[in-house]
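Chemist: Here it is, the structure in full.
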Amino acid sequence: MEQKNSRFYSQIYELVRQIPEGKVSTYGHIAKMLNKEGAARQIGYALSRAGSTHPPVPAHRVVNSKGVLSAKHAFAGPTLMQELLESEGLTIKDDKVVDFQKVIWRPTDDSIIP
């Protein structure tokens, strides 16, 4: 991974680590918070590579803009993403977060990484 991507991935991971248990964010929201609007796919790609990162990155808390578990294929099993979210108190139905708008993480400005 080249240095530019390494720094960007580190910023993504640090921000995603701040998502509280029982909350979710979206790829686009993470991109916007990092002043990289339009980089939602790159956020997803970075999170698909986060499996062995330490400290761990709760990538299961990032979903698409409709609340769909679009990255479930990136986890060790086809239901692991759902199981992790449900263990945190979220309800998932048909691969979608129920009451999505109520569980979106809205960080304060001081959470955002420059």
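Chemist: Figure the gain on full extension for Ser48 and Ser65 (residue separation times 0.36 nm, minus the Cα-Cα span) and round it to one decimal in nm. Don't skip to the answer; put the middle values down first.
Modeler: Working: separation 17, 0.36 × 17 = 6.12 nm, distance 1.71 nm.
So the extension gain works out to 4.4 nm.
Chemist: Show me, bin by bin at 5 Å from 0, the whole-percent P(r) of the range 3-106 based on Cα pairs.
Modeler: Cα pair-distance distribution for the range 3-106, in percent: 2, 13, 27, 27, 19, 9, 2, 0.
Chemist: How about Lys93: which lysines have a C-alpha closer than 18 Å to its C-alpha, ignoring those fewer than 8 places off in the same chain?
Modeler: Those lysines meeting the cut-off are Lys23, Lys66, Lys72, Lys102.
Chemist: With label points built 7 Å along Cα→Cβ from the Cα atoms of Glu21 and Glu88, find their separation and express it in nm.
Modeler: Each label point lies 7 Å from its Cα, and together they span 1.0 nm.
Chemist: Return the calculated 222 nm mean residue ellipticity for the chain, to the nearest 500 deg cm²/dmol, obtained by summing -39500 (n - 2.57) across DSSP H runs with n ≥ 4 and dividing by the residue count.
Modeler: My calculation for the chain gives -10000 deg cm²/dmol from helical runs alone.
Chemist: Relative contact order of the range 3-106: what whole-number percent is it, with Cα pairs under 8 angstrom and at least 6 residues apart? Walk me through the numbers on the way to the answer.
Modeler: Numbers: 125 pairs, mean separation 30.0, N = 104.
Relative contact order of the range 3-106: 29 percent.
Where a number appears in this text, it was derived from the coordinates with a stated rule and is not lab data. Since we're looking at a predicted model, the values are computed, not measured. A quick note on method: Cβ atoms are made from the backbone with ideal geometry, for glycine too, and the neighbour counts reach across all protein chains shown.
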